[in-house]
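Peer 1: The structure's right below; bear with me while I get my questions together.
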Amino acid sequence: MKKYTRLSATFDFNHPAVQEFVKKHTENSKNQTKQAVSLYYAVRDEIRYDPYALDLTVKGLCASTTLINGRGWCVAKAILLAACCRYLEIPARLGFADIRNHLSTQRLREQMKTDVFYWHGYTLIFLQGKWVKATPAFNIELCNKFNLRGLDFDGTSDSVYHPFDLSGNRHMEYLNDRGGFDDVPIDEIIATFRKEYIVDDTLEKADFEKDVDRETAG
């Protein structure tokens, strides 16, 4: 389990901002499950989900960068949650899956040319003798705008996307499970993105929240 508590360039929990964030959200508990749950909600809701924050460099993916920026895409937020857990010596790693997302914005769909999100990232946390999945990507405000049920996490069962929204419309489909990794497979992600949709490893910058507000108004 030691490799799942190690410091790395992306899991930079030695950064003061990460340590302060962890202490702020776990100071009243010594129980690892309660600590992980508290950190999950902090990462989910205090860090805004923003697919245009995609940055496939080590610096762009490291936990401290996401925390300082206050926003990140699914992989960046999963890294931050894992780094926070590792700081508390709670074993954590990254999980990846390919998913079909029925509720992205028009601008994002036009850029990606598909509704399949390759290398969707979530966090795997070892609690009470087993690995559990935690998906902190969508902050609760975004879920409310898209009429989605916010993903809860209790530290004992998997927290993964619901297949339908609150109106019964398709939301997420898991297409391919890529398994768990002790660090970010950056080169593999870049290779897939170049093959499938993003030639220069990035997206044309836009204001995701404004796009969401415009498309969900009324």
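Rule-based calculations on the coordinates, nothing more; no lab input. Predicted model only: the values in this text are computed from it and were never measured. Quick reminder, even Gly has a Cβ in these numbers, built from the backbone with ideal geometry, and neighbours come from all protein chains shown.
Peer 1: Report, in debye and to the nearest 20, how large the dipole of the chain comes out about its Cα centre when Lys and Arg carry +1 and Asp and Glu carry -1 on their Cβ.
Peer 2: Dipole of the chain, to the nearest 20 debye: 520 debye.
Peer 1: In Å and whole numbers, how far do the C-alpha atoms of the chain stretch along each principal axis, longest first?
Peer 2: 44, 36, 30
Peer 1: Could I ask something else about it? Ala9: net charge of surrounding residues, Cβ under 10 Å, Lys/Arg +1, Asp/Glu -1, itself excluded?
Peer 2: Net charge in that neighbourhood comes out at -1.
Peer 1: Another question about this same structure. Which value at 222 nm does the chain reach when only helices count, each DSSP H run of 4 or more adding -39,500 (n - 2.57), with the total divided by all residues and rounded to the nearest 500 deg cm²/dmol?
Peer 2: Here the helix-only value at 222 nm equals -11000 deg cm²/dmol.
Peer 1: What FRET efficiency comes out for the pair Leu7/Asp115, r = Cβ-Cβ distance, R0 = 35 Å, nearest 0.05?
Peer 2: FRET efficiency, Leu7 to Asp115: 0.45.
Peer 1: When you count, for each residue, the other Cβ atoms within 10 Å and take the mean per peptide, how do 145-153, 122-130, 24-32 rank with the highest first?
Peer 2: Per-residue Cβ counts within 10 Å, averaged per peptide and sorted highest first, yield 122-130, 145-153, 24-32.
Peer 1: Taking 22 Å as R0, compute the FRET efficiency from the Cβ-Cβ separation of Arg149 and Lys34 and round it to 0.05.
Peer 2: 0.45
Peer 1: Treating cross-link reach as a plain straight distance, find the lysines whose alpha-carbon is under 29 Å from the alpha-carbon of Lys133, omitting any fewer than eight places away in the same chain.
Peer 2: Lys133 reaches Lys2, Lys3, Lys23, Lys24, Lys30, Lys34, Lys59, Lys77, Lys113, Lys145, Lys195.
Peer 1: Here is a further query. With each pseudo-label sitting 7 Å past Cα toward Cβ, what's the Asn69-Glu89 distance in nm, one decimal?
Peer 2: For Asn69 paired with Glu89, the spin-label model returns 3.2 nm.
Peer 1: Further question: Mind checking which of Leu56, Gly150, Gly95 is farthest towards the positive end of the chain's charge dipole, using Cβ charges of +1 (Lys, Arg) and -1 (Asp, Glu) about the Cα centre?
Peer 2: Ranked along the dipole, the leading option is Gly95.
Peer 1: Still on this structure, I have one more. Just to be sure I understand: of the beta bridges DSSP finds with both ends in the chain, what percent are antiparallel, rounded to 5?
Peer 2: The antiparallel proportion sits near 90 percent.
Peer 1: Please state, as a whole number in µm²/s, the translational diffusion coefficient that the Stokes-Einstein equation yields for region 89-187 at 25 °C and 0.890 mPa s, with Rh defined as the Kirkwood radius across alpha carbon pairs.
Peer 2: In µm²/s, the coefficient rounds to 168.
Peer 1: Below 10 angstrom from the Cβ of Leu175, what's the summed charge of the other residues (Lys, Arg +1; Asp, Glu -1)?
Peer 2: Surrounding charge for Leu175 is -2.
Peer 1: Is the C-alpha gyration tensor of region 98-150 telling us rounded, prolate or oblate? Criteria: a/c under 1.5 is rounded; beyond that, a/b larger than b/c is prolate, otherwise oblate.
Peer 2: oblate
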